[in-house]
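First the structure, in the form of structure tokens, and then the observations on it.
The values are calculated or read from the model by the stated rules, or taken from the named source; none is laboratory data. What you are looking at is a predicted structure, and each value in this text was computed from that prediction instead of being measured. Cβ coordinates were reconstructed from backbone atoms using ideal geometry, including for glycine residues, and neighbour counts include every protein chain displayed.
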């Protein structure tokens, strides 16, 4: 397995896609129930294959990621060969980017000495999608890149 298995909640949301996946494997509902009972290892394998297919599609289409922590915001623009980043760091313990108030504070203080903004660029390893998945595992979320685009224009 290249990625991690989807959670129960994710699998439930992707139920129609999973049904189509099973159908592509010539497994109908009754056969799936029998497989889970009689050959749980094979059923687990099907879940793993499906999870990998979903994660591969998600990471392949990803263009923007964001990761928020108390004093940092990491914004990523994902190309095919490399990724660009904007990193925002608050030098004050009162700022908390995990709250609405912290984001409001950033809006009011973005040009102050208490905020440091850096830009960077990094080539992907041989496995772009694996690199992106690693960022997601660390807490990054897919986005539309709106904050990145706003800051890119300002800096």
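Here is a yes/no grid of residues against (1) assigned to a helix (DSSP H, G or I); (2) on the phi > 0 side of the Ramachandran plot; (3) buried (at least 17 other Cβ atoms within 10 Å of the Cβ):
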position	(1), (2), (3)
50	yes, no, yes
59	yes, no, yes
70	no, no, no
76	no, no, yes
84	no, no, no
87	no, no, no
94	no, no, no
98	no, no, no
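Any residue in the stretch 100-115 that is under 19 Å from residue 155 (Cα atoms) sitting within a Cβ distance under 6 Å of a residue that is assigned to a helix (DSSP H, G or I)? List the pairs, counting only those 6 or more apart or interchain.
115/109
Among the residues of the stretch 125-145, which ones are at pLDDT 95 or above and more than 8 Å from the chain's Cα centre (by Cα)?
Applying the first criterion (at pLDDT 95 or above) to the stretch 125-145 yields 127-145.
Selection gives 127, 128, 129, 130, 131, 134, 138, 143, 144, 145.
Determine which single condition residue 151 fails, assuming it passes every other condition in (1) modelled with pLDDT of 95 or more; (2) outside any loop (DSSP other than H, G, I, E, B); (3) surrounded by 11 or more Cβ atoms within 10 Å (Cβ to Cβ).
With (1) modelled with pLDDT of 95 or more; (2) outside any loop (DSSP other than H, G, I, E, B); (3) surrounded by 11 or more Cβ atoms within 10 Å (Cβ to Cβ) applied to residue 151, the lone miss is (1).
Regarding residue 37, is this residue closer than 29 Å to residue 17 by Cα and at pLDDT 95 or above?
The answer is yes for residue 37.
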